[in-house]
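This report refers to the structure that appears directly beneath it.
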Amino acid sequence: MLNRAFFALLALFWVTMNFLLWRAEYGVPNLSGTPVATSMIWDKILTAPDSSFLTIRHHGTTIGFCRWSTAVSEELATMDEAPSGAEPLRKYRIRLEGDIQMPESKDNLRFECRLILANRTDWSEFSVQARYQSLVVRVHSLAQEQTVHVSITNGPAVMDRTIGFNELQNPQVLLSTLVGPLMSGLRENAELPPLQQSAGAKLEPVRWQAWADTLYISHQPLRVYRINGRIAGLFDVVLHISPVGEIFKVQLPDNTVLLHDRMVVF
C-alpha cells in the first residue's frame, strides 16, 4: 500500500516539475470547431470569480475531492522599478488542495499546491506538500534561484535535496535521484514506474491546443473551452473550462477524471 501512495506522490511531483518548466506556446490549432487562443482561456482561469470544487473519479469510482481557487493581488512597484504614475503590479495566486482515498486503506493522501505568478505568464514561486501515513513530500521552488528544493520523509528514511532546473530535463536521472534514498523505507516488492524515454532523453515542451466545444449535463448543452496538452511527452491531459474560467472537467491518464460539482450525476 505504501508503494502505491509513493508512486501517486511521485506522479504529482512529476506534473509539478513539468508545470514549472511550462511556458504556453500560444497559437491556433488546426482542429474542428472554433479555434481560440490559449492565452485568452488562461486569462479567464486566473480571474475566475469562483472556486472550482471537483470530484476525483478513477474508473468511474469516486476516490477523492479537491478545490481549485485563484486570486489576484496588486502591489506597488518601488521607485526604481517603475516611473511615477505607473499602475500597480498584479500577482496571480493559484491554490489546489484536496485528498484522495487510497485503495485498501483507511487513510487518505492529502495534498496542497500553491503557485504565484509574477504576471499572467511567468511564475515566481511554487510549493507542493503531500502526506500519506508516514510519507511526507515537500517541494518548493523560487524561479529566480533556478532550483527546486525537495524534502521527503518516510519513517526512518529522510531525503533533503536541491535540484537544478537542468536536472529536471532527464526523467531517468531525476527518478534515480529521488527514489534511491527512499527505497529502504518502501516494501521489498516496490518497483519504479516504467518510463517510455531512454536515459538520455529530454523532456518535450508542453504544447497546448484550444477550441470552443460543448459539454452536455443531463442532455442540456453547455458551452465550454476545451484544451489539450501533452505533458513531458508521456501522457495527455484534456481540460474543459467554463466561459468565466471555472474548471468543469479534467481528463487524466488511467481513466482518471476530475468533475465539477455541477457535472456530477449520482
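The values are calculated or read from the model by the stated rules, or taken from the named source; none is laboratory data. Since the model is a prediction, treat every value here as computed from it, not as a measurement. Every residue, glycine as well, gets a Cβ built from its backbone with ideal geometry; the counts of neighbours run over all protein chains shown.
From the residues in the stretch 97-146 that are buried (at least 18 other Cβ atoms within 10 Å of the Cβ) and of a type in the set (Ser, Thr, Tyr), which one is modelled with the highest pLDDT?
Taking the candidates together, the pick is 141.
Would you mind stating whether residue 223 is loosely packed, with under 15 Cβ neighbours inside 10 Å, at pLDDT 65 or above and not in a loop (DSSP other than H, G, I, E, B)?
yes
Mind listing whichever residues of the stretch 144-167 are outside any strand (DSSP E or B) and either over 22 Å from the mean Cα position of the chain (by Cα) or free of Cβ contacts under 8 Å to residues at least 60 places away in the same chain (or both)?
144, 145, 146, 155, 156, 166, 167
With the structure loaded, tell me whether residue 200 is in a loop (DSSP other than H, G, I, E, B), on the phi > 0 side of the Ramachandran plot and either β-branched (Val, Ile, Thr) or at pLDDT below 75 (or both) or whether it fails that test.
No.
Considering only residues that are touching a Phe, Trp or Tyr at 6+ places or on another chain (Cβ under 9 Å) and surrounded by fewer than 19 Cβ atoms within 10 Å (Cβ to Cβ), look in the stretch 232-253 and name the one that is modelled with the lowest pLDDT.
Within the stretch 232-253, the match that is modelled with the lowest pLDDT is 234.
Would you check which residues across the stretch 147-187 are closer than 27 Å to residue 124 by Cβ, at pLDDT below 75 and buried (at least 17 other Cβ atoms within 10 Å of the Cβ) and list them?
Scanning the stretch 147-187 gives 168, 170, 171, 174, 178.
For the stretch 116-135, give me the residue count where each residue is part of a strand (DSSP E or B) and over 18 Å from the mean Cα position of the chain (by Cα).
Summing the residues that are part of a strand (DSSP E or B) and over 18 Å from the mean Cα position of the chain (by Cα) in the stretch 116-135 gives 2.
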